[in-house]
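Accompanying notes for the structure given below.
The values are calculated or read from the model by the stated rules, or taken from the named source; none is laboratory data. Source: prediction; values computed, not measured. Quick reminder, even Gly has a Cβ in these numbers, built from the backbone with ideal geometry, and neighbours come from all protein chains shown. Surface accessibility is based on the protein's heavy atoms, side chains included, excluding ligands, DNA and RNA. Shrake-Rupley method; radii C 1.70, N 1.55, O 1.52, S 1.80 Å.
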Amino acid sequence: MKAEEVLAQLKERFPGEPEYYQAVGEVLRTIEDEYNRHPEFEETNLVERLCIPDRIVQFRVTWTDDAGRVRTNMGYRIQHSNAIGPYKGGIRFHASVNPSILKFLAFEQTFKNSLTTLPMGGAKGGSDFSPRGKSKNEVMRFCQAFVTELWRNIGPDTDVPAGDIGVGGREVGFMFGMYKKLTREFTGTFTGKGRDFGGSLIRPEATGYGNVYFLQEMLKTRGEDVKGKSVLISGAGNVAQYTAEKVLQLGGKVLTMSDSDGYIYDPDGIDREKLDYIMELKNDYRGRIKEYADKYGCKYVAKARPWGEKADIALPCATQNEINGDEARTLVANGVIAVSEGANMPSTAEAVSVFQEARILYCPGKASNAGGVSVSGLEMSQNSERLSWSAEEVDHRLHEIMCNIHASCVKYGRQPDGYIDYVKGANIAGFMKVARAMMAQGIV
Ligand code: NDP
């Protein structure tokens, strides 16, 4: 297998999908040597079967807004691989959603889910519907219309969706309600459900907490700790909020958070009380991060990202490609020692090279943000046994899973000079399990 040749062929077959090529290219380049050590992989064209999703479901979603206008959006579900378990992955509602972005996310999800050690395949779905500025009833009608199309393709042993950008507990609740009505069954088909109807404790916290647990493990390899470190966080949604919460619990200082309009910089640090304000602002009032700066009188920079500020650690938690090569160089020049990704693929390929060449601690989202889907996997287990575990138990398991993922990355990623290439480590560890399962299941 030659990574560049496979990539060139995929570009020709599937034109106009840059995010998909970016994710596939990064994985193929890092697994190339390992793949070629197994001639049986090439004999069954494993690489193409691994890169091309099993199935793409695409549909029109029709709903009515509060003014009575009939609106349409596109809906998608990419079922990438069920080699090691039912398809599993979030649903994203954002104006930017397109097949390329969902294909990259479903591809990444397959390796991430493999890394968690839990039996979950990879999938992703979503719509170009933007919840921004929509009323609660509009969001509910949209979710119901979306599931009216999607429901035939999902199920507790088939495909289990969850949240992602624009889809939190509220949206999962609306989708689950409609799914239940259509199927007349109460099953664990969605994760991230409300606590009163099968949702796992710690699921809302899981991605952010897991990201910081992973960061702790990385820092340990250099005899460092989160305590006393200054931290830049991007985003102000689910992942950013609980990343900030865990950093605070461990004695770190959070200097920035952001949304799609700009970022705030608080030199005194975003403490518990201020974080509570952000959670209320974003989760209840659906307001803008600028309101934080107005309330606490700190700096707000419109239409910008926080990577020009000086700190010890950077935790991108908003969206893909939010750190470019120049921003990565600035972070390194400002003395950042670690970057742990809460978001999926927030660093461009150039930014990743900058971090790795500077030999700073850098972990890709497919390992460091795997805590969310891990607790989703634990939610599926709890639903199957019709029991719910305590917050302490789930958090303990989450911590253990993140430590195991870190160990897998170290196992496959340690370089001759001692540097840990977490990209290579995560990709090879995730890939080998999926590849072995595919080989054992024949050519399907
Ligand atoms: P949310 O919708 O809760 O929050 C997203 C945040 O990022 C918001 O602050 C949003 O700003 C900002 N944002 C979204 N799109 C853009 C953009 N194009 N440019 C700038 N800012 C943007 O989503 P999550 O916190 O759930 O997800 C954040 C990231 O984490 C995504 O990459 C997601 O795939 C990844 N992830 C999420 C998991 C989960 O469990 N939720 C699990 C693993 C990964 P605004 O308020 O203006 O919209």
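In order along segment 433-444, the Karplus-derived 3J(HN,Hα) couplings, from 6.51 cos²θ - 1.76 cosθ + 1.60 at θ = phi - 60°, round to 5, 5, 5, 4, 5, 5, 4, 5, 9, x, 8, 10 Hz, and Gly and Pro are given as x.
Estimated at the nearest 10 Å², the accessible area of Met345 is 20 Å² with a 1.4 Å probe.
Within segment 120-154, report the trypsin sites (Lys or Arg not before Pro) that DSSP leaves as loop and that have at most 13 other Cβ atoms within 10 Å. Intermediate values should be presented prior to the final figure.
Values: sites: Lys124, Arg132, Lys134, Lys136, Arg141, Arg152; in loops: Arg132, Lys134.
For trypsin sites (Lys or Arg not before Pro) across segment 120-154 that sit outside H, G, I, E and B with at most 13 neighbouring Cβ atoms in 10 Å, the list reads Arg132.
Each of Phe104, Asn137, His80 was placed along the dipole of segment 3-186 (beta-carbon charges, centred on the mean Cα), and the one lying farthest toward the positive end is Asn137. Amide H contacts of Gly287: Lys282, each under 5 Å away and 5 or more positions distant or on a separate chain (H built 1.01 Å from N in the peptide plane; Pro and chain starts excluded). Rounded to whole Å, the principal axis extents of the Cα atoms in segment 1-133 read 61, 34, 21, largest first. Electrostatic bookkeeping for Ile337 treats Lys and Arg as +1 and Asp and Glu as -1; over the other residues with beta carbon under 11 Å from its beta carbon, the sum is +1. Amide H contacts under 5 Å for Ser81: Asp54, Gly122, restricted to partners 5 or more places along the chain or on a different chain, H placed in the peptide plane at 1.01 Å from N. Pairs of Lys residues in segment 1-135 that lie 8 or more places apart, or on two chains, and have C-alpha atoms under 22 angstrom apart add up to 10. When a 1.4 Å probe is rolled over the protein heavy atoms, the share of accessible surface on the chain that falls to carbon and sulfur comes to 49 percent. Apply 1/(1 + (r/R0)^6) to the Cβ-Cβ distance of Thr72 and Asn45, taking R0 = 41 Å, and write down the FRET efficiency to the nearest 0.05. Approximately 0.60, to the nearest 0.05.
So, for segment 3-186, what is the accessible surface per residue at a probe of 1.4 Å, expressed in square angstrom? Working shown, then result.
On the way: 7570 Å² over 184 residues.
Accessible surface, normalised per residue, equals 41 Å².
For segment 204-363, the solvent-accessible area works out to 38 Å² per residue, with a probe of 1.4 Å and every protein chain left in place. When both segment 199-232 and segment 247-299 are represented by their alpha-carbon centers, they are found 18 Å apart. Modelled this way, with points 7 Å down the Cα-to-C-beta line, the labels at His396 and Ala95 are 4.7 nm from one another. Each residue of segment 96-107 was assigned a 3J(HN,Hα) from its phi angle through the Karplus expression (A = 6.51, B = -1.76, C = 1.60, θ = phi - 60°), giving 7, 4, 8, x, 4, 5, 6, 5, 5, 5, 5, 4 Hz with x at Gly and Pro. Each of Ala67, Leu115, Gln22 was placed along the dipole of segment 3-186 (beta-carbon charges, centred on the mean Cα), and the one lying farthest toward the positive end is Ala67.
The modelled label-to-label distance between Gln249 and Leu182, using points 7 Å beyond Cα along the C-beta direction, is 3.6 nm.
Of the trypsin sites (Lys or Arg not before Pro) found in segment 1-107, the ones in coil according to DSSP and having at most 14 other Cβ atoms within 10 Å of their Cβ are Lys2, Arg37, Arg69.
What chymotrypsin sites (Phe, Trp or Tyr not before Pro) in segment 223-286 are in a loop by DSSP, with at most 13 other Cβ atoms within 10 Å of the Cβ?
Working: sites: Tyr242, Tyr263, Tyr265, Tyr277, Tyr285; in loops: Tyr285.
Sites meeting the loop and neighbour criteria: Tyr285.
Put simply, the C-alpha atoms of segment 204-363 give a gyration tensor, and the ellipsoid matching it has half-axes of 23, 17, 14 Å, longest first. Rounded to the nearest Hz, the phi-derived 3J(HN,Hα) couplings of segment 255-267 under the Karplus curve 6.51 cos²θ - 1.76 cosθ + 1.60 (θ = phi - 60°) are 9, 9, 8, 8, 9, 6, 9, x, 10, 10, 10, 10, x, where x marks glycine and proline. Asp164 exposes around 40 Å² of accessible area when a 1.4 Å probe is run over every protein chain in place.
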